[in-house]
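Following: one structure in structure tokens, then a few remarks.
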Amino acid sequence: MALRRLLSYLGLAALTFSLGCSPEEPVVVDPETTDAPATVEEAADAATDDDTQADAAVQPELAAFDEIQQRIAELDRPAVVDYWSLACQPCMDEFPGLVRLHREHGERVACVAVDVDFDGRKSKPPESYKEAVSEFLTEQAAEFPNYLSTTPSDEVFAALEIISIPSVFVYNADGTVAKKFVDAGDTAGFTYEDDVIPYVKEMLASGE
């Protein structure tokens, strides 16, 4: 009798073990151990934040050099135009100076950035640089006109009569060049802090 009871007990235990957890039992998820939003409202807020960040991305406009120059001439106010490239570390180091100039004096002087990464190679058309350029501009919060030149860089340099970048041109309200800051001659090693911004401030103060 004792043996029969023992076998019966062992059979019931084996059956219970084989069934495991019942699917009807709720699975408890600790909210502190998951990255998923706890509510529908939180999920909607997260999606909105992602959309806002996407909308904030700074997208450069592809344009030929002559078209960019025409737009600068039509601004009808002083302008500071920064010719730069992702391949130019000094350009990127100085770029925050243009952003600062825009924030402090953007109501009186137009700030414009022109990327000249495109060198004319068919294997790397201008649009192939757009994503990387946009990423840099977004990081810099460069919320002013930005262009990606579709004219090969050598032709841009020749038209501007420069041999290298960074180069920053300050334009009068009528579109003529007031000052060139290039890494040569008396402006070699120029910076926004020491050279460009003080010049622009003086220009604005004089009413030019």
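Rounded to the nearest 0.05, what FRET efficiency do residue 204 and residue 128 have when you use their Cβ-Cβ distance and R0 = 35 Å?
The calculated FRET efficiency here is 0.35.
Any chance you could list the semi-axes, whole Å, largest first, of the equivalent ellipsoid that the Cα gyration tensor gives for region 106-208, using √(5λ)?
For region 106-208, the semi-axes come out at 26, 17, 13 Å.
Residue 191's amide H: which non-local residues (gap 5+, or another chain) put their own amide H closer than 5 Å, with H modeled 1.01 Å from N in plane and none for Pro or chain starts?
196
Using θ = phi - 60° and the Karplus relation 6.51 cos²θ - 1.76 cosθ + 1.60, list the HN-Hα couplings for region 125-131 in order, rounded to whole Hz, with x at every Gly or Pro.
x, x, 5, 5, 8, 4, 4
Once Lys and Arg get +1 and Asp and Glu get -1 on their Cβ, which of 158, 105, 89 lies farthest toward the positive end of the dipole of region 61-205?
Final value for the positive-end residue is 105.
Please list, or write none, the lysines whose alpha carbon is within less than 16 Å of the alpha carbon of residue 130, excluding same-chain residues fewer than 8 places away.
Straight-distance partners of residue 130: 122.
How many percent of DSSP beta bridges within region 61-205 run antiparallel, rounded to 5?
Counting DSSP beta bridges with both partners in region 61-205, the antiparallel share is about 45 percent.
If I stretch the segment between residue 139 and residue 100 completely, what's the gain in nm (0.36 nm per residue apart, minus their alpha carbon distance), one decimal?
12.7 nm
Rounded to the nearest 20 debye, what is the charge dipole size of region 61-205 about its Cα centre when +1 sits on each Lys and Arg Cβ and -1 on each Asp and Glu Cβ?
In debye, rounded to 20, region 61-205 gives about 120.
None of the figures in this text is laboratory data; all of them are computed from the coordinates on show. As the structure is a prediction and not an experimental result, all values here were calculated from the model. Note that each Cβ is placed from the backbone with ideal geometry, even for glycine, and that neighbours are counted across all protein chains shown.
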